[in-house]
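> The structure under discussion is supplied below as structure tokens; questions concerning it will follow.
The values are calculated or read from the model by the stated rules, or taken from the named source; none is laboratory data. Note that the structure is a prediction, hence the values are computed from the model and not measured. Note that each Cβ is placed from the backbone with ideal geometry, even for glycine, and that neighbours are counted across all protein chains shown. These accessible areas exclude ligands, DNA and RNA; they are computed on the full protein's heavy atoms, side chains included. Shrake-Rupley method; radii C 1.70, N 1.55, O 1.52, S 1.80 Å.
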Amino acid sequence: MLYFAYRDFTSDPDAILEKFGFGRAHHRVVHFVNRQPGMTVADLLDTLRITKQSLARVLKQLVDSGYIHQVEGPNDRRQRRLYPTHKGRELALELARPQSRRITEALRGINPEGQKLIRQFLKGMVDRD
């Protein structure tokens, strides 16, 4: 069931991203930068658990396309802080809407205790390291 839930949960954003020539890696970057404006590239790498090399192409495409803006760090010019542009915020919300609808629909009719168990289960699936 987890496979089918993941497949369908990602299918709506995948269709939207395809129109832009983007993929799931782009979605993850836009999502986290939109949720944490000003996060550093290092923070994003830690969050996504990927290498700089893996991030470089995706981030460059998002910057060049006007979805993400990079700013030098205030104390260290090597540090890069990431901010969504207006266009980037709009894309993040467009990608989140169908997923939010799926979550709302899936939780409909489940009492608060059941919803708490679902959150507990999902947290239990996340590596703690």
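> Is one or more of the residues making up segment 94-101 farther than 20 Å from Phe4 by Cα and not hydroxyl-bearing (Ser, Thr, Tyr)? Reasoning before the result, please.
Quick first cut of segment 94-101, residues farther than 20 Å from Phe4 by Cα only: 94.
Then keep just the ones that are not hydroxyl-bearing (Ser, Thr, Tyr); that gives 94.
Yes, the conditions are met somewhere in segment 94-101.
> Residues of segment 58-103 being among the aromatic types (Phe, Trp, Tyr) and either out of contact with any helix residue (DSSP H, G or I) (no Cβ under 7 Å at 6 or more places or on another chain) or part of a strand (DSSP E or B) (or both), which ones?
Across segment 58-103, the qualifying residue is only Tyr83.
> Do you know which residues across segment 58-79 are open to solvent by 70 Å² or more (accessible area, probe 1.4 Å) and at pLDDT below 95?
Selection gives Glu72, Pro74, Asn75, Arg77, Arg78.
> Whether any residue in segment 118-128 is surrounded by 12 or more Cβ atoms within 10 Å (Cβ to Cβ) and either within 30 Å of Met1 (Cα to Cα) or not hydrophobic (A, V, I, L, M, F, W, C) (or both) is what I want to check.
First, the residues of segment 118-128 that are surrounded by 12 or more Cβ atoms within 10 Å (Cβ to Cβ): 118.
Then keep just the ones that are either within 30 Å of Met1 (Cα to Cα) or not hydrophobic (A, V, I, L, M, F, W, C) (or both); that gives 118.
Yes, that holds for at least one residue.
> For segment 26-42, name all the residues that are over 17 Å from Ala92 (Cβ atoms) and not β-branched (Val, Ile, Thr).
Selection gives Ala42 alone.
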